[in-house]
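All remarks here apply to the structure that follows.
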Ligand SMILES: C[S@@+](CC[C@H](N)C(=O)[O-])C[C@H]1O[C@@H](n2cnc3c(N)ncnc32)[C@H](O)[C@@H]1O
């Protein structure tokens, strides 16, 4: 059983707090509130990132016919986890979750509540082990069939851009033609207040998360065919009716298809 330290704030639990989840403790609320006191927009960023993830999964199921998902950097369970969105639309969908945080592992049970027609699995592995991830995923997914790789808010934890690109490339190399990448990341160049707040947070000794310029986020899609409208601030990607005039925020992403 993993020992959970509730006396120190934890980044995944703070993210969960901003998302409105319940897997967090007073110490995380305090740290989350300290961040929002400096930059209240972080709550919108966290929720817009999750909402983009949900819309991209909906597109993958309904428009692209994808039924297999590999979600690396899953995070703590919250509302509308990947399998819930996919299996609501296509109950036979299969999902493999991957995270390396013991706390996420401790809560993984909520991620494993699959429909009877589908499958969900959780693999306690690191993004830095792409070959192991693919091998583990192949126990649940048929990796000769199109699969969507989901990287939502994880690559900011990899400081070096070339290394981050290489990890994406190696994961995609294990997936066949017709597979997709759904990726969204915190970005630099849209909101100086966000950049200042995040840079300050990174200096506190917390697990750092680095914002990237949009062209670096776009580079993760090299070699893929981008689904319209390409790489954009996430509220502007296939907005819900009524949300078309949403303001750009410092979170960019998109969807690309492996030719
Ligand atoms: C900001 S959260 C994003 C969670 C979720 N994907 C979302 O979009 O709401 C980042 C997640 O990446 C995970 N993560 C960070 N580094 C990782 C690594 N090297 N391998 C696997 N997971 C990692 C963290 O544990 C955390 O759950």
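The values are calculated or read from the model by the stated rules, or taken from the named source; none is laboratory data. Just so it is clear, the structure is predicted and the values come from calculations on it, not from any experiment. Glycine also receives a Cβ, built like all others from the backbone with ideal geometry; neighbour counts cover every protein chain displayed.
Somewhere in segment 154-167, is a residue assigned to a loop (DSSP other than H, G, I, E, B), more than 29 Å from residue 36 (Cβ to Cβ) and within 14 Å of the ligand (Cβ to nearest atom)? Scanning segment 154-167 turns up at least one residue that is assigned to a loop (DSSP other than H, G, I, E, B), more than 29 Å from residue 36 (Cβ to Cβ) and within 14 Å of the ligand (Cβ to nearest atom). crowded, with 23+ Cβ neighbours inside 10 Å and within 13 Å of the ligand (Cβ to nearest atom): is that true of residue 60 in this structure? Against the criterion (crowded, with 23+ Cβ neighbours inside 10 Å and within 13 Å of the ligand (Cβ to nearest atom)), residue 60 does not qualify. Looking across segment 144-159, the residues that are over 27 Å from residue 16 (Cα atoms) and in contact (Cβ under 8 Å) with a residue 60 or more places away in the chain come down to 145, 146.
Selection of segment 174-197 for residues being under 26 Å from residue 82 (Cα atoms) and either surrounded by 16 or more Cβ atoms within 10 Å (Cβ to Cβ) or free of Cβ contacts under 8 Å to residues at least 24 places away in the same chain (or both) yields 174, 175, 179, 180, 181, 182, 183, 184, 185, 186, 187. For segment 67-114, the set of residues classified as away from the ligand (no atom under 13 Å from the Cβ), surrounded by fewer than 24 Cβ atoms within 10 Å (Cβ to Cβ), part of a loop (DSSP other than H, G, I, E, B) and at pLDDT 95 or above consists of 67, 90, 91, 92, listed by residue number.
Within segment 1-24, the residues that satisfy the criterion of being within 16 Å of the ligand (Cβ to nearest atom) and part of a loop (DSSP other than H, G, I, E, B) are 2, 4, 5, 8, 9, 10, 19, 20, 21, 22, 23, 24. Which of the residues belonging to segment 217-251 are under 23 Å from residue 51 (Cβ atoms), away from the ligand (no atom under 16 Å from the Cβ) and not in a loop (DSSP other than H, G, I, E, B)? Across segment 217-251, the qualifying residues are 218, 226, 232, 236. For residue 44, the test of being more than 11 Å from the ligand (Cβ to nearest atom) and either under 11 Å from the mean Cα position of the chain (by Cα) or over 20 Å from residue 156 (Cα atoms) (or both) is failed.
Restricting 194, 209 to those that are within 16 Å of the ligand (Cβ to nearest atom) and in a helix (DSSP H, G or I) reduces the list to 194. What about residue 210, is it under 23 Å from residue 135 (Cα atoms), within 19 Å of the chain's Cα centre (by Cα) and at pLDDT 95 or above? No. Within segment 116-129, the residues that satisfy the criterion of being in contact with a strand residue (DSSP E or B) (Cβ under 8 Å, 6 or more places away or on another chain) and within 13 Å of the ligand (Cβ to nearest atom) are 122, 123, 124, 125, 127. Take the conditions touching a residue at least 12 places away in the same chain (Cβ under 8 Å) and surrounded by 22 or more Cβ atoms within 10 Å (Cβ to Cβ) and apply them to residue 121. Does it pass? Judged against the criteria, residue 121 is not a match.
Across segment 130-153, the qualifying residues are those that are assigned to a loop (DSSP other than H, G, I, E, B) and under 17 Å from the mean Cα position of the chain (by Cα), and the one among them that is nearest to the ligand (Cβ to nearest atom) is 153.
With respect to being farther than 29 Å from residue 47 by Cβ and without any contact (Cβ under 8 Å) to a residue 12 or more places away in the chain, residue 162 fits the description.
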